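Everything on this sheet refers to the single structure shown next.
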Amino acid sequence: MASALLAAGAVPRRVVLLVLLLAALVLGGAAALRSTEYDETYTRLVTGPVPRPHWPTTPFTPSEAAAGFEAVVGPAAIARQLRETDVHPPLYFWLAGAWRAAGGTSVEALRALSVLLSVGAVAAFMAAARAAALPAVATGLATALAYGFAYTGGVARGFALAHLLLGVATLCTVLAWKRRSLASAALAGLAAGGASFTNYLAVFPAGAVLGWLLIAPVAAGVRLRLLAAAAVPFLLAQLGNLSFFMAQRGSRPDQFDAFDPIGALVLLGQFNAANLFGGLPLYAEGLARPVLAAALAALLAICALAVALRWQALGPTRWLWLGGFVAPSAGLLLLGAVFGTMPIELRYLAFAAPFAGAMLAGAAAGWARAAPRLAPAALLAVLIVQAAGAIGMALHPATQQTYRHALRAVGPLLGPGTLLLVPHGNDGVGIVGGVLAEAPRDQPLLVIRADQADGLPAQTAAHARLVLLGITDRDGAVQAAAARSALAADPRWGEARIAWRDARRGFAAWVYEARRSGAADGRQGVVVGRAHDGREEP
C-alpha cells in the first residue's frame, strides 16, 4: 500500500479506480446528506425563465411554486439573465441549463453533475501529478479528502467545473513543458480560460499555472513560444469575462464587509487550514474546541515545514504547485484592498486544495527516501484527519446551512393548520428557495417583507398556528423582527415557544398559537414550552 501511495510513476489502473471511487463516495455522500444551500437556488432560477421571482403576498405551498424551478431556458436567455441579475460568468450555467433540460432540474440532480465533474478533477490532478513525477495516488487522496474541495465539489454551483478545468490546465501545462508542445500549451490556456469563464476567482490559480511557463526549466525561446500559445486563448477568455463583469459589477452592493487588512490575514489563515482539514473544532464543545484547533494548527505547521525541508524533492514543477496554492489567497487579498471589501470565504480558497495536496504528496515521497516507514505513516495520518473533516462536513450540522435541520425540528408542528412564515431576505431567492426545497410539498407558507408587516395579522387569520422561521441574512433579520413586532401587537396571537435554535448563527424558529377567546392579557392562552435545548421559554 505504501509503495502505491507514494509511487511517482505508473500506478495500477485498479488503484486509480479505487481512488476515484473513494472520491465519488466522499463527494456523493456530502451531496446526498447536506441541506439545500442559499446559492443553489440561484443556479436553478437563473437557468429558468424567472431568475428573481416575485413571490405571492398570500400563502402558497412548495408544490405550487415547483413549476418555476422546473422550467429551463436556453443559453442566450441564461447569458442575458446573468448580465442583469447575477455576478458570475456563464460557462457553468450553460452546462447546468443543458443538464436541467435533459431532466436534471432538482438540487440533487445538479449536485450529481457536480460530483461527476469533481471526480474528473481528481483524475486530472492525479494525471498532472504523475506527469510532474509526483505521487499520483497521494495527490488524488489529499485532493478528494480536502474539506474545501469536497464541499465545493458537491454543491450545485460552478466550483466543480472550475476545479476540472484547472486540473486539465495544470496537466496540459506540465505536458507542454515536458514535450515542448505548443498544442498542449494552447489547450492549457483554453482550459485555464474556461476555468475563469466558469468562476471569476479561478483566474488567479489559472494565471499562476500558466505563468509558471515564464520560469519553466527550458530554453528561453521555447518558454516564450509556450507562454504565447497558452496566453492567447486565456486572454480571449478574459475579454469574455470582462463583458459580463462590466454589466454585473453593480448588481450586488454591500455583499461584503469593509476591508480590514489584519482581519483579512486572520481569515485567510483560518480558511486555508479549514480548506485542508475542515471544521473539526466545530464538532467539539467546551475546552476540547480550542485544544483541537491548536492541534490542527500544529499539524498544518508541521505539514508546511515538511514541504519546506523537502522543497527540492518536489522537482522542477514545484513553483507551479506553490503558485497554484498561494494564488487564491493573494488574489482575494488584492481584491479586498482594491475594492475596499472582504471577499474572503472558504469556498473561494478551495481552488488551492489540489495544489496543496500535490505538494504534500511530493514532500512525503522526498521524506520516504530517508524514513521509508515513517513518511507513509505520517501522510496516512494526515489523510485520516482530512477524512474526519470530510465526513463531518456531510454529517454535522455545524458545517451545513440550516434549512433541512430547522424544518426537521419544526416538522411535528407543521401541517395544513400551520402557516410557515419565511423572511424574504435580501433578494427573495436564497432563503425562500432553500425553504421551498426542504419543506413538505403541501405546507402553506407566507413570504414576509418588512414593509408588509402591518398586514400580517390579517394574512394569518385563517390559521391556528404560526411558525416564524428566522433563518436570515441582514435584510431577513429586519423582516423577521418586524413580523415579531406585528404579531406581538396582535391580541389574537401569543408566542408559545422556540421550537428550534441555531445559537452559533443566531437563527431560531418561533411558534405562535392562536389565543383562546376571552384572554385578558398577553400571558393568557400562551403555551409555555421548552426550547430545543431544554430551557423553558415564553
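Derivation of every value follows stated rules applied to the coordinates shown; laboratory data play no part. Note that this is a predicted model, so its numbers are computed, not measured. When we count neighbours, we look across all protein chains shown, and the Cβ atoms used for this are built from the backbone with ideal geometry, even at glycine.
Quick notes on this structure:
- Ordering 419-427, 377-385 by mean Cβ neighbour count within 10 Å, with the highest value first, yields 419-427, 377-385.
- Efficiency of FRET from Cβ geometry, Glu64 and Lys178, R₀ 41 Å, rounded to 0.05: 0.10
- Net lengthening on full extension, Arg504/Ala220 (0.36 nm per residue, minus Cα-Cα): 96.7 nm
- Separation of the range 67-133 and the range 437-491, taken as the distance between their Cα centroids, equals 34 angstrom.
- Per-peptide packing, taken as the mean over residues of other Cβ atoms within 10 Å, places 312-325, 341-354 in the sequence 341-354, 312-325 from highest down.
- Kirkwood Rh and Cα Rg combined as Rg over Rh, evaluated for the chain: 1.02
- Extension gain for the segment Ser243 to Ala76, taken as residue separation times 0.36 nm less the Cα-Cα distance, is 58.7 nm to one decimal.
- Ala377-Ala228 pseudo-label distance in nm [points 7 Å out on the Cα-to-Cβ vector]: 5.5 nm
- Ala370-Ile262 FRET efficiency (beta carbon distance; Förster radius 45 Å; 0.05 resolution): 0.70
- Label separation (Arg492 vs Ala98): 5.3 nm, computed from points 7 Å beyond Cα along the C-beta direction.
- Our estimate of slack between Arg83 and His54, defined as 0.36 nm per intervening residue step minus the Cα-Cα distance, is 8.5 nm.
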